[in-house]
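Presented below is the structure to which this report refers.
The values are calculated or read from the model by the stated rules, or taken from the named source; none is laboratory data. Not measured: the values here are computed from a predicted model. Because the Cβ atoms are built from the backbone with ideal geometry, glycine has one as well, and the counts that use them run over all protein chains shown. The accessibility values were calculated without ligands, DNA or RNA, using every heavy atom of the protein model including side chains. Shrake-Rupley method; radii C 1.70, N 1.55, O 1.52, S 1.80 Å.
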Amino acid sequence: GAGVSQSPSNKVTEKGKDVELRCDPISGHTALYWYRQRLGQGLEFLIYFQGNSAPDKSGLPSDRFSAERTGESVSTLTIQRTQQEDSAVYLCASSLTGGRLDTQYFGPGTRLTVL
Amino acid sequence: QKEVEQDPGPLSVPEGAIVSLNCTYSNSAFQYFMWYRQYSRKGPELLMYTYSSGNKEDGRFTAQVDKSSKYISLFIRDSQPSDSATYLCAMTGEGTYKYIFGTGTRLKVLA
């Protein structure tokens with residue numbers, strides 16, 4: 001079956017612009033995660049969705065970052081007024097139930113460059 | 001101090017060598033430990049997970065957790081050039097969905 005897909009694969013934007021990143025999880029997966037990976041760094045947790053709701057959004061770095069999820073399907077991560085420090089790869093993962101030993105399946109990421 | 005520390009490498013070994021990858025952590029509440037492999041320009045893929053202390057073996061891979069020392073390891077036996085990738089450790093505890101990742105160790109297995 002299809003894995004997790006993300007779009008766009010690459011995004012170059014100017015400082016101050018808004019960007020929207022999309023994640024399509026594996027069908028039937030109720031849990032969805034967003035992470036940020038800066039160059040040479042590990043993954044930084046941003047937000048966790050269970051279905052439509054976000055029980056843990058503690059990793060969102062500022063109020064410029066927001067995310068939503070439609071049903072148990074597509075999620076979008078929006079970054080408003082982008083800054084150069086937002087440049088990173090944004091990774092999305094989904095898992096069947098969100099259990100702690102549930103395998104998270106990652107998408108290929110969106111590489112964001114803010115000029 | 002970071003919650004999870006991992007040597008970034010790169011670590012270069014000859015084909016067939018035994019590879020040891022390690023992470024240390026500071027939060028004693030961590031109970032769930034994972035190892036991911038990430039190829040260049042790809043998302044991470046789960047290799048192994050363990051709960052609490054102990055060892056777990058899967059083919060050429062062995063994961064060890066020593067909670068008393070707050071130290072986890074991944075061993076790769078008979079390493080292959082296809083094992084060349086970045087290996088990330090990750091961990092979490094009860095009552096949270098936030099996974100903390102190490103920075104990753106870049107491994108090169110030379111043919």
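Restricting attention to segment A:23-76 and to residues that are open to solvent by less than 30 Å² (accessible area, probe 1.4 Å) and charged (D, E, K, R), the residue that is modelled with the lowest pLDDT turns out to be A:Asp56.
Considering segment B:1-48, the residues that are among the aliphatic types (A, V, I, L, M) and open to solvent by 50 Å² or more (accessible area, probe 1.4 Å) include one that is farthest from the chain's Cα centre (by Cα), namely B:Ala29.
Identification of strands (runs of 3 or more DSSP E) wholly contained in segment B:8-111 with 1 or more residues that are at pLDDT below 90 yields B:45-51, B:54-58. Residues of segment A:89-112 that are of a type outside the set (Phe, Trp, Tyr), more than 7 Å from chain B (Cβ to nearest Cβ), open to solvent by less than 10 Å² (accessible area, probe 1.4 Å) and under 14 Å from A:Leu46 (Cα atoms): A:Cys92, A:Ala93, A:Ser94.
Each row is one residue, and each column tells you yes or no for (1) away from chain B (no Cβ under 14 Å); (2) on the phi > 0 side of the Ramachandran plot; (3) in contact with a Lys or Arg (Cβ under 9 Å, 6 or more places away or on another chain).
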site: A:Gly28; (1), (2), (3): yes, yes, no
site: A:Leu32; (1), (2), (3): no, no, yes
site: A:Arg38; (1), (2), (3): no, no, no
site: A:Glu44; (1), (2), (3): no, no, yes
site: A:Ile47; (1), (2), (3): no, no, yes
site: A:Lys57; (1), (2), (3): no, no, no
site: A:Val74; (1), (2), (3): yes, no, yes
site: A:Gln80; (1), (2), (3): yes, no, yes
site: A:Gln83; (1), (2), (3): yes, no, yes
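Somewhere in segment A:51-67, is a residue acidic (Asp, Glu), more than 19 Å from B:Tyr32 (Cβ to Cβ) and out of contact with any strand residue (DSSP E or B) (no Cβ under 9 Å at 6 or more places or on another chain)? Within segment A:51-67, one or more residues are acidic (Asp, Glu), more than 19 Å from B:Tyr32 (Cβ to Cβ) and out of contact with any strand residue (DSSP E or B) (no Cβ under 9 Å at 6 or more places or on another chain). Screening segment A:71-88 for residues that are assigned to a loop (DSSP other than H, G, I, E, B) and of a type outside the set (Ser, Thr, Tyr) and picking the one that is nearest to A:Gly42 (Cα to Cα) gives A:Gln83.
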